[in-house]
Each structure stands twice: as structure tokens, then as C-alpha cells.
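Visitor: One structure is given below, represented as C-alpha cells, and several questions about it will come after.
The values are calculated or read from the model by the stated rules, or taken from the named source; none is laboratory data. Only a predicted model underlies this, so the values are computations on that prediction, with no experimental measurement involved. Here the Cβ positions follow ideal geometry from the backbone for every residue, glycine too, while neighbour counts run over all protein chains shown.
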């Protein structure tokens, strides 16, 4: 049987804690909320911050966050599932946190009125984004760990 290298993971079983944080605490519920509460957390928020084609990207991001979050919880295709989430976090930082750092709009991304700006304001606002970005990078590099479906599938293929 052909060996699929994306399943290969030799990290500790404790990687499930990172998967739980990324999948169950953040992306799965946030994705659902972008779909269920689109006016304030999905399309409506994307319009407010200047995301182009917000009617498309609001549900698109919501579905990706939900599906990839679930895959990461299960530890199935962990590396592949982390890639769209890394892109989402990079866009979130660029579209919402960099304008806070600069104190003005960036390209078509809008800085909300009355918001505190500068390095410390951005650092505070971006703490979750940076944690999720680094956790997703960790999962991309290491895979799902020994307590994952990836590991189980890898063992079956061996």
C-alpha cells in the first residue's frame, strides 16, 4: 500500500492539547458562529472591516474554519487542515491588526473608529491571532501526534 506522508507524525501524544485548543476552543466554534451569526461575525463583519466580496468570503471562511477545526480535533489530515487556518490567521492579522498598529486604514481594510492604536493596542488585540497562527504552524510541522487519526492511519499503512 502507498504510504501517504501527510499522516506521518512522531510527536508526543500530548499534541492533542494543541489540537483541542486550535480545533475545539477556537476554529470550530468560530466557524459556526460566522455561519449562524453572519450579520455580526461573518459577512457583516467582513463588510465592516473592508474584506472584498464579503458575501462570498464570510460563509467561505466560516465553512473552512468549521471543517478544518473539526479535522484538527479528530487529528485527521491535520497538516492539510492547518494550511487554510494559517492563511485565515495571516489575513486576520493583516486586515484587522496591522491597521491598529499603524493607526489608519491599510489598503481596503478599515480601522474601526474610536479604537486604541499603536503597538500595545495591536499586541493586545492580536494575542489570540498570534497564538492560533503559531499553534497551526506547529501542527503543520508536527502533524496530529500519537493520539490522532493520522497516526492510526499511518500505522495501518505501514
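Visitor: Of the residues that make up the range 51-66, is at least one in contact (Cβ under 8 Å) with a residue 60 or more places away in the chain and over 24 Å from residue 13 (Cβ atoms)?
Guide: Pass one, the range 51-66, residues in contact (Cβ under 8 Å) with a residue 60 or more places away in the chain: none.
Looking for residues that are in contact (Cβ under 8 Å) with a residue 60 or more places away in the chain and over 24 Å from residue 13 (Cβ atoms), one finds none in the range 51-66, hence no.
Visitor: When residue 104 is evaluated against the numbered criteria (1) free of Cβ contacts under 8 Å to residues at least 60 places away in the same chain; (2) assigned to a helix (DSSP H, G or I), which criterion, by number, is the only one it fails?
Guide: (2)
Visitor: Separate question: Out of the residues in the range 101-115 that are in contact with a helix residue (DSSP H, G or I) (Cβ under 8 Å, 6 or more places away or on another chain) and at pLDDT below 90, which is nearest to residue 54 (Cα to Cα)?
Guide: First pass over the range 101-115, keeping only residues in contact with a helix residue (DSSP H, G or I) (Cβ under 8 Å, 6 or more places away or on another chain): 101, 105-106, 109-112, 115.
Of the ones still in play, those that are also at pLDDT below 90 are 105-106, 109-112, 115.
Values: 105: 17, 106: 17, 109: 12, 110: 14, 111: 17, 112: 17, 115: 22 Å.
Only one residue fits best here, namely 109.
Visitor: Being part of a loop (DSSP other than H, G, I, E, B) and either without any contact (Cβ under 8 Å) to a residue 12 or more places away in the chain or surrounded by fewer than 18 Cβ atoms within 10 Å (Cβ to Cβ) (or both) is the filter here, so list the residues in the range 148-158 that pass it. Steps first, answer last, please.
Guide: Step one: list which residues in the range 148-158 are part of a loop (DSSP other than H, G, I, E, B), which gives 148, 158.
Answer for the range 148-158, where residues must be part of a loop (DSSP other than H, G, I, E, B) and either without any contact (Cβ under 8 Å) to a residue 12 or more places away in the chain or surrounded by fewer than 18 Cβ atoms within 10 Å (Cβ to Cβ) (or both): just 158.
For (1) farther than 22 Å from residue 136 by Cα; (2) at pLDDT below 95; (3) buried (at least 22 other Cβ atoms within 10 Å of the Cβ), each residue gets a yes or a no:
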| residue | (1), (2), (3) |
| --- | --- |
| 6 | no, yes, no |
| 16 | no, yes, no |
| 22 | no, no, yes |
| 27 | no, no, yes |
| 30 | no, no, no |
| 36 | yes, no, no |
| 45 | yes, yes, no |
| 66 | no, no, no |
| 76 | no, yes, no |
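Visitor: Just one of 123, 82 is touching a helix residue (DSSP H, G or I) at 6+ places or on another chain (Cβ under 9 Å) and surrounded by fewer than 14 Cβ atoms within 10 Å (Cβ to Cβ); which is it?
Guide: On the way: 82 fails: surrounded by fewer than 14 Cβ atoms within 10 Å (Cβ to Cβ).
Among 123, 82, only 123 is touching a helix residue (DSSP H, G or I) at 6+ places or on another chain (Cβ under 9 Å) and surrounded by fewer than 14 Cβ atoms within 10 Å (Cβ to Cβ).
Visitor: Pick from the range 63-80 the residues that are over 20 Å from residue 42 (Cβ atoms) and assigned to a helix (DSSP H, G or I): which of them is nearest to the chain's Cα centre (by Cα)?
Guide: Applying the first criterion (over 20 Å from residue 42 (Cβ atoms)) to the range 63-80 yields 71-80.
Those left that are additionally assigned to a helix (DSSP H, G or I): 71-74, 78-80.
Working: 71: 12, 72: 11, 73: 13, 74: 16, 78: 12, 79: 12, 80: 12 Å.
That would be 72.
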